[in-house]
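These notes are about the structure you will find just below.
Taken together, the values in this text are just the output of simple stated rules run on the coordinates, not laboratory data. Given the structure is predicted, the values throughout are model-derived calculations rather than measurements. No Cβ is skipped: glycine too gets one built from the backbone with ideal geometry, and neighbour counts run over all protein chains shown.
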Amino acid sequence: MTVSGILAATTPDHIDDVCRAIDAHPWAQVHFTDGRGRVVLTIEADDEQSSVDRLLEIRRIPQVWLAEMVEVRNVIEEMEPS
């Protein structure tokens, strides 16, 4: 699994709509916004290509004029002992 940090930007008057659209995706979570239109979020995906596909989906949200992946981490999920 990969977890990617993304910085997105919109206009201040559209930030609530953009955050709602991001949060509608089960694989995305908004962590921070500011009064200037910046949104910090993470996305989860099975692999790096899926992360890129999801970034492109964030970019297609109306009123998002910038979305850039700033970090990608591969996460090894721990298996529960049997």
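For this structure, a couple of remarks:
- Assigned charges on the beta-carbon of Lys, Arg, Asp, Glu; the stretch 1-68 dipole about Cα centre (debye): 240 debye
- Relative contact order, percent, the stretch 2-74 [alpha-carbon distance under 8 Å, six or more residues apart]: 48 percent
- Under the combined filter of DSSP loop state and at most 15 neighbouring Cβ atoms within 10 Å, the chain retains these trypsin sites (Lys or Arg not before Pro): Arg36, Arg60.
- Shape parameters for the chain, alpha-carbon atoms, Rg then Dmax in Å: 13.6, 51
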